[in-house]
Amino acid sequence: MHILVSACLLGLHTRYDGKHNQRDNLIKLGERHVLIPVCPEQLGGLPTPRVPCERVYHQVISKDGADCTAAFELGANEALKVFELCGCEAAILKARSPSCGKGPTYDGSFTGKLTDRPGMFAEKLIKMGIPVYNEDELHLLV
Ligand code: SF4
């Protein structure tokens, strides 16, 4: 199966702070599936490193108060194109990210508080009925 994966989970330095969130059990999953790494925030034109952002209702706001909604929306659409072009059937996305989190994600207060709202890319996939997992749910993948 072709599976789209948050690039940071595969060791790419795409995170807002220029680091990654590599999960070795996910790398191992590449022995059985074709893993396609994607970072919606980079695809939306945001730099790395970048100011962290959180979702505030239908918007995405950076920690310094800038409205980054358009870049996140663009990134979500571009990542969806990769999903379709590569014939992916599922996605494994980084938990709690304002792009990738399938929910919950941080609530916009930048205090570590969570809300049920998913990240913008994850929300798009979920609405389309695409199976979405986070990095702690690999056991659910068949
Ligand atoms: Fe990782 Fe997704 Fe954030 Fe990119 S947007 S750094 S892939 S969680």
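The values are calculated or read from the model by the stated rules, or taken from the named source; none is laboratory data. The structure displayed is predicted, hence computed values, not measured ones. Glycine also receives a Cβ, built like all others from the backbone with ideal geometry; neighbour counts cover every protein chain displayed. When the accessible area is computed, the model is the full protein with side chains, heavy atoms only, and any ligands, DNA or RNA have been set aside. Shrake-Rupley method; radii C 1.70, N 1.55, O 1.52, S 1.80 Å.
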*Those residues that are in contact with a helix residue (DSSP H, G or I) (Cβ under 8 Å, 6 or more places away or on another chain) and open to solvent by less than 40 Å² (accessible area, probe 1.4 Å), I need them from the range 1-29; list them, please.*
ILE3, LEU4, VAL5, ALA7, LEU9, LEU10, GLY11, THR14, ASN21, LEU26, LEU29
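Residues that are within 14 Å of the ligand (Cβ to nearest atom), basic (Lys, Arg) and modelled with pLDDT of 95 or more: list the strands (runs of 3 or more DSSP E) wholly contained in the range 1-75 that include at least 2 such residues.
In the range 1-75, no matching strands (runs of 3 or more DSSP E) lie anywhere.
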*Taking GLY108, is it without any contact (Cβ under 8 Å) to a residue 12 or more places away in the chain and either surrounded by fewer than 23 Cβ atoms within 10 Å (Cβ to Cβ) or within 15 Å of the ligand (Cβ to nearest atom) (or both)?*
no
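Looking at the range 111-137 only, could you name the residues that are part of a helix (DSSP H, G or I) and buried (at least 18 other Cβ atoms within 10 Å of the Cβ)?
Listed by number, the residues that qualify are MET120, PHE121, ALA122, GLU123, LYS124, LEU125.
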*Which ones in the range 96-105 are in a loop (DSSP other than H, G, I, E, B), in contact with a Pro (Cβ under 8 Å, 6 or more places away or on another chain) and open to solvent by less than 40 Å² (accessible area, probe 1.4 Å)?*
SER99, CYS100, GLY101, GLY103
